[in-house]
Amino acid sequence: MTTDNEARAYADLQPDHILEALDELGFRCDGRFLALNSYENRVYQVGIEDDRPIVAKFYRPARWSDDQIIEEHAFTRELADAEIPVVAPLTVSGRTLHRAGPFRVAVYPCHGGRAPDLDDLDLLEQLGRLVARIHLVGATAEFEHRPAIDIESYGVESCEFLLEHDFIPPELRPAYESVAELLLDGVERCYAQSGRVQTLRIHADFHPGNVLTQGEHLHIVDLDDTRTGPAVQDLWMFLSGDQDEQRPQLEALLDGYTEFRDFDARELRLIEALRSLRIVHYAAWIARRWDDPAFRIAFPWFDSSRYWDEHVLALREQVALMQEPPLEWRPF
């Protein structure tokens with residue numbers, strides 16, 4: 001259970017705290033710090049004397065329990081042991097999750113790289129192969145502590161939070177309530193039409209920002225959101241543009257994927273439903289963190305009427321997209 005002291009310490013995390021925490025773990029820092037692009041946790045690249053830099057992740061209090069974080073680390077380690085290029089936490093003194101005063105900390109090796117070029121179909125095929133290999137491992141066991149991607153937590157609870165905490169401007173509230181109801185009905189309809197698809201342990205937040213490319217080499221990072229869900233969740237965020245543009249992208253991804261694992265084409269009906277859930281979940285995620293000054297700095301537009309106008313419009317577009325025929329894919 002998170003204490004007020006832990007929350008205050010996290011909000012006031014300073015370089016001295018980072019140095020002290022890493023020193024306790026046996027790392028001798030050379031004073032170089034670089035804050036990495038992470039809002040949920042505090043993540044830093046830290047220089048180490050006479051060695052390569054490391055990445056230190058300080059976990060936000062109350063986001064995940066210790067058991068949930070340790071389960072994420074164990075899954076990442078399984079993937080690394082299967083020679084899948086994920087960036088797994090380092091084991092120090094037999095553990096991957098550490099306590100340093102009020103902080104929970106994990107340490108990772110540092111890998112550089114850039115986001116993948118989604119116009120490169122060969123790269124998408126390579127990503128498809130990696131996703132399939134992740135899912136082969138993910139299907140061998142079940143999470144005990146990590147949650148699932150579902151309509152209730154991602155959709156219903158997100159909409160309720162935004163309404164109950166008055167994030168929706170009063171003049172847009174009727175429109176939001178109406179379109180949210182239509183959206184959730186559409187999501188449920190897509191799930192019903194897809195039938196009983198398999199769920200398994202997946203990355204769950206697999207988007208271009210969580211893939212680092214360096215020449216021909218790829219590294220997959222940040223399994224902080226790993227959950228149980230359908231296979232297509234780890235594929236659809238690499239599709240962009242309209243359906244004509246998405247078809248060759250999907251074909252490349254699934255050409256690679258099906259080299260290692262079968263894909264149930266019924267899951268394609270879930271793409272726009274999962275996108276819809278992500279849109280409302282993302283808005284609620286920012287809202288739940290709005291007391292964190294870092295979020296107000298990073299998302300200054302979030303409490304503007306213009307943002308919520310565009311948000312309602314995006315939900316309406318998703319309602320329409322879920323009524324259209326899904327992308328098609330026919331394996332040969």
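Numerical summary
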| quantity | calculated |
| --- | --- |
| Sum of side-chain charges, Glu144 neighbourhood, beta-carbon under 9 Å (Lys, Arg +1; Asp, Glu -1) | -2 |
| Protection proxy ranking of 238-248, 171-181, 145-155 - average other beta-carbon atoms within 10 Å, highest first | 145-155, 171-181, 238-248 |
| 13 Å reach of a label modelled at Ala115, 7 Å along Cα-to-Cβ, counting backbone N of the stretch 32-61 | 37 |
| Förster-model FRET efficiency, 56 Å R0, Glu83 and Trp290, C-beta, rounded to 0.05 | 0.85 |
| Local electrostatic count, Glu317, Cβ distance below 15 Å [Lys/Arg +1, Asp/Glu -1] | -2 |
| Helical contribution to [θ] at 222 nm, DSSP H n ≥ 4, -39,500 (n - 2.57), averaged over the chain, rounded to 500 | -13500 deg cm²/dmol |
| Relative packing of peptides 122-129, 182-189, 5-12 - highest average C-beta neighbours within 10 Å first | 122-129, 182-189, 5-12 |
| Using a Förster distance of 51 Å, the FRET efficiency for His165-Arg95 (Cβ separation, nearest 0.05) | 0.85 |
| Separation in nanometres of the label points that stand 7 Å from Cα toward Cβ, at Ala265 and Gln243 | 1.4 |
| Cα shape, the chain, gyration tensor, a/c 1.5 rule | oblate |
| Charge tally in the Cβ shell below 13 Å around Arg99, where Lys, Arg are +1 and Asp, Glu are -1, Arg99 excluded | -2 |
| Choice from Gly113, Gly31, Gly94 showing the highest fluctuation, given a GNM over the chain with Cα pairs closer than 10 Å | Gly94 |
| Highest average packing first - 314-321, 69-76, Cβ atoms within 10 Å | 69-76, 314-321 |
| Debye, to nearest 20: dipole size of the chain, +1 on Lys, Arg Cβ, -1 on Asp, Glu Cβ | 380 |
| Rounded, prolate or oblate (a/c below 1.5 giving rounded, otherwise prolate when a/b exceeds b/c) for the stretch 243-311 by Cα gyration tensor | prolate |
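We did not get these values from a lab; they are worked out from the coordinates using the rules stated. Treat the numbers as computed from the prediction; the structure is a model and nothing was measured. Methodologically, a virtual Cβ is constructed for each residue, glycine included, from the backbone with ideal geometry; neighbour enumeration extends over all protein chains shown.
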